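Visitor: My questions will all concern the structure given below.
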Amino acid sequence: MTAPLLQVNDLRVTIGGNPVVDGVSFHVSQGEILSLVGESGCGKSMTAFSVMGLLPKVARVAGGSINLGGKNMLTLPERERRRMRGNEFAMIFQEPVASLNPLMKIGHQIEESLVVHRGLNGKSARKAAIAMLEEVGIPEPEIRFGQYPFELSGGMCQRAMIAMALICQPRLLIADEPTTALDVTIQAQILELMKRLRDETGTAILLITHDMGVVADMADRVAVMYAGRVVEEAPVDALFARQEHPYTRLLLSTIPRLDDEPKSILPTIEGLVPDIGQWPVGCRFNPRCPLADKPCLESQPPLAARSDQGNAACWHADRVGEIA
Amino acid sequence: MVSSSAAVARPAKTRRLPWTVVPFLAILAGLVLMAIFAPLVSPVDPNAQNLLARLKAPGFSSRGIVYYLGTDELGRDVLSRIIYGARVSLLVAFASVALSGIFGSTLGMVAAFYRGWVETVLMRLVDIVLSVPAILLAIITVAVLGPSLTNVVIVLALTRWPRYARVAYGQTLSVANMPYVRLSRFMGAGWFRLLSRHILPNIAGGLIVVATLEFGLMVLFEAGLSFLGLGVQPPTSSWGAMLSTGRNYVGTAWWIATFPGVALFLLVLAINLIGDHMRDRLDPRSR
């Protein structure tokens, strides 16, 4: 097997000295969709921003390595990183409407990467942008090219943002909750579009989400994060079939099922994600875990091989199936 | 090609101007045209003296020339001098607004964009310049550099730029955190592209409002400096200078000071009302 496109090793990010990402490792191969799952505040977005090399000013990378296409992103000079951004890897956000400049024509925003990275201008950039608009399923691309974001719906804006991200044919697309702000039918269309573009172009996708439905639909592999760490990581089918970390198990059990008793109370995971800097000793999930006992309160379980494929970090991996 | 469906989808870009603004827009346009075409519209040479027709009342005529607004102490036509004076007022106001606007906006945007020590240094400088009494600084500077049109512009630009810097700074702070600026950065855009293509267009509304309101103030400042003898030098006519000399004759020849005063009043009133209207239209706070 060739080296993965993106290899993150033992990444540590701190905000004001408190760790927010604490030894995260994962990899994404060419053409693969890896889903990074977890509740708000578990460090998913910080991990993505680290990969882009654009952490918020308060956050700092404290250790680890990020290797993208054979280059170490953490030691690469900013000039080089800027050349790669939008060109070799790109990102899309969850607020499609706010992510487009309200005073700039859609077409010119889509051209931007071509102008910045390829020095393209005028006719050829316009042609490429219109082709890209068509590619992402926007009807009448010539007209849309000259329109402003307020003239487009939310789903259209998300399509336009995907067009922006993919126009330089990046090898990796980081999608930070790309469908959270959209209603379900549009969400399905956008996910379908992303999958189709992946199949056509071979772009790998790092999909950040908290929606297990999206994960089941999209991902090849899943990495579940909790309190700054990857707690379980496996191919999507294996993970949905068998969980070896209680958090994954409980996360999946919170999804209502069609065969549930009508009007039954929706299951929740008791408690909250601990605040940054107040992570418990031992396994970080212990305050909320039904299986927690002495070893869990004392030391952190390492990420170890699951019984089938992938890894999980639980002292009682064999007993996770007992949780109802 | 724009098809008809796009034309329908696009809402009307121009809203009807309220009737309260239209007359003032007309006054401003009239004064601007008057200044541009001064040689064509002024009845006589503004500097031509006629010592036999000194201090004549409006409507006086001599040798086939009608002095509609009377003559001054050297027998020059007050109307022609007002027309030429408009050039000075508008030129000084325009140049100083342009200079201070570009300078101040750039510094404000840079301060908010880079934060850190750049922000601290620039914004403290803004505080310092704002705390210096502008008119006093103007008097001192002109006294040192010597009175001239260029120096008036320089002084006004140097004292007024913090206004724009403050507005640009505040607006940039809020716009720089918008997802579209972040996205563009994530697409590999550099600082110049971010500032010029994404931030500036989105903060321009506020800056235009400040510039309009400042424009009126600059007209008054120029008149004030010329009144004090620190602006345009004779024989070039300026409304401020005309007010100054007219003051000496206000008991006997009221028209020398009155008409430039009226012109000044109309110009500043028109600009301020248009500025207010622009603020209502463009200011994000009143949207």
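All of the numbers you see were taken from the coordinates with simple rules; none came from a lab. Since the structure is predicted, the reported quantities are computational estimates derived from the model, not experimental observations. So basically every Cβ, Gly included, is an ideal-geometry build from the backbone, and we count neighbours across all protein chains shown.
Visitor: Run a plain Debye calculation on the protein assembly as shown (Cα atoms as equal point scatterers, no solvent) and give log10 I(q)/I(0) at q = 0.06 Å⁻¹, rounded to two decimals, same order as the q list.
Guide: -0.50
Visitor: Continuing with the same structure: What is the calculated FRET efficiency for residue B:282 to residue B:33, with r their C-beta to C-beta distance and R₀ = 35 Å, to the nearest 0.05? Provide the component values of the computation, followed by the final result.
Guide: Numbers: r = 25 Å, r/R0 = 0.71.
Here the calculated transfer efficiency is 0.90.
Visitor: Which log10 I(q)/I(0) values, to two decimals, does the range A:229-322 give at q = 0.20 Å⁻¹ under the Debye formula with one point per Cα?
Guide: Log10 of I(q)/I(0), two decimals: -1.01.
Visitor: Next up: For the range A:41-197, what's the relative contact order in percent, using C-alpha pairs closer than 8 Å and at least 6 residues apart?
Guide: Working: 191 pairs, mean separation 45.2, N = 157.
Contact order relative to length: 29 percent.
Visitor: Let me ask something additional. Kindly list the residues of the range B:92-113 that lie in the label zone of residue B:127, defined by a backbone N under 17 Å from the point 7 Å along the Cα-to-C-beta vector.
Guide: B:108, B:111-112
Visitor: Continuing with the same structure: Please work out the FRET efficiency for the pair residue A:266 and residue A:189, using the Cβ-Cβ distance as r and a Förster radius of 22 Å; give the result to the nearest 0.05. Walk me through the intermediate numbers first.
Guide: Details: r = 27 Å, r/R0 = 1.21.
It comes out at approximately 0.25.
Visitor: Taking other Cβ within 10 Å of each residue's Cβ, how do A:44, A:71 sort, fewest first? If you can, show how the numbers build up before the last one.
Guide: Details: A:44 25, A:71 14.
So the ranking, lowest neighbour count to highest, is A:71, A:44.
Visitor: Follow-up. What number, in percent, do you get for the relative contact order of the range A:229-322 if the mean sequence gap of Cα pairs under 8 Å and at least 6 apart is divided by its residue count?
Guide: On the way: 119 pairs, mean separation 37.8, N = 94.
Over the range A:229-322, the number comes to 40 percent.
Visitor: For a footprinting-style exposure proxy, rank A:192, A:244 by other Cβ within 10 Å, fewest first. Mind showing how you got there, number by number?
Guide: Numbers: A:192 13, A:244 27.
Going from least to most buried by this count: A:192, A:244.
Visitor: Give the cross-link partners of residue A:57 among the aspartates and glutamates, using a straight C-alpha distance below 17 Å as the criterion and excluding same-chain residues fewer than 8 apart.
Guide: A:78, B:119
Visitor: Which whole-angstrom value gives the distance between the alpha carbon centres of the range B:111-174 and the range A:126-181?
Guide: 43 Å
Visitor: Shape call for the range A:120-183 from the C-alpha gyration tensor, a ≥ b ≥ c root eigenvalues: rounded (a/c under 1.5), prolate (a/b greater than b/c) or oblate?
Guide: Oblate shape, in that a/c is at least 1.5 and b/c is the bigger or equal ratio.
Visitor: Residue A:105: which lysines have alpha carbons under 18 Å from its alpha carbon, excluding same-chain residues fewer than 8 sequence positions away?
Guide: Counting by Cα, and skipping residues close in sequence, residue A:105 has these lysines nearby: A:123, A:127, B:13.
Visitor: Using modelled backbone amide H atoms (1.01 Å from N, in-plane), which distant-in-sequence or interchain residues come within less than 5 Å of residue A:230's amide H?
Guide: Result for residue A:230 returns A:25.
Visitor: By count of other Cβ within 10 Å, fewest leading, how are A:299, B:100, B:131 ordered? Numbers along the way, then the final one.
Guide: Values: A:299 12, B:100 25, B:131 8.
Exposure proxy ranking, most exposed first: B:131, A:299, B:100.
Visitor: Can you list the equivalent-ellipsoid semi-axes of chain B, largest first and in whole Å, using the square root of 5 times each Cα gyration tensor eigenvalue? Working shown, then result.
Guide: Numbers: eigenvalues 368, 125, 38 Å².
They are 43, 25, 14 Å, listed largest first.
Visitor: Please work out whether chain A counts as rounded, prolate or oblate from its C-alpha gyration tensor, where a ≥ b ≥ c are the square roots of the eigenvalues and a/c under 1.5 means rounded, while otherwise a/b larger than b/c means prolate and anything else oblate? The partial results should precede the final answer.
Guide: Working: a/c = 2.14, a/b = 1.58, b/c = 1.35.
Verdict is prolate for chain A.
Visitor: Now a separate question. Nearest-5 percent of antiparallel DSSP beta bridges in the protein assembly as shown? Can you show the working numbers first?
Guide: Working: 32 of 51 bridges.
Roughly 65 percent of the beta bridges in the protein assembly as shown run antiparallel, per DSSP.
Visitor: Based on the Cβ-Cβ distance from residue B:140 to residue A:3, what FRET efficiency comes out when R0 is 60 Å, to the nearest 0.05?
Guide: On the way: r = 69 Å, r/R0 = 1.16.
About 0.30, to the nearest 0.05.
Visitor: Mean separation of Cα pairs under 8 Å and 6+ residues apart, divided by the residue count of chain A: what relative contact order is that in percent? Walk me through the numbers before you get to the answer.
Guide: Numbers: 609 pairs, mean separation 66.0, N = 324.
After rounding, I find 20 percent.
Visitor: A follow-up question, please. Check residue B:62: other-chain or 5+ apart residues with amide H under 5 Å from its amide H, H built from backbone geometry?
Guide: B:67
Visitor: Next question, about the same structure. Treating the Cα atoms of the range B:107-165 as identical point scatterers in vacuum, please give the log10 of the normalised Debye intensity I(q)/I(0) at q = 0.20, 0.21, 0.27 Å⁻¹, two decimals.
Guide: Taking Cα atoms of the range B:107-165 as identical point scatterers yields -0.74, -0.77, -0.99.
Visitor: Kindly write out, for the range B:192-200 in residue order, the coupling ³J(HN,Hα) from the Karplus curve 6.51 cos²θ - 1.76 cosθ + 1.60 (θ = phi - 60°), rounded to whole Hz, with x marking Gly and Pro.
Guide: Along the range B:192-200, the couplings run 5, 5, 4, 5, 7, 9, 10, 8, 3 Hz.
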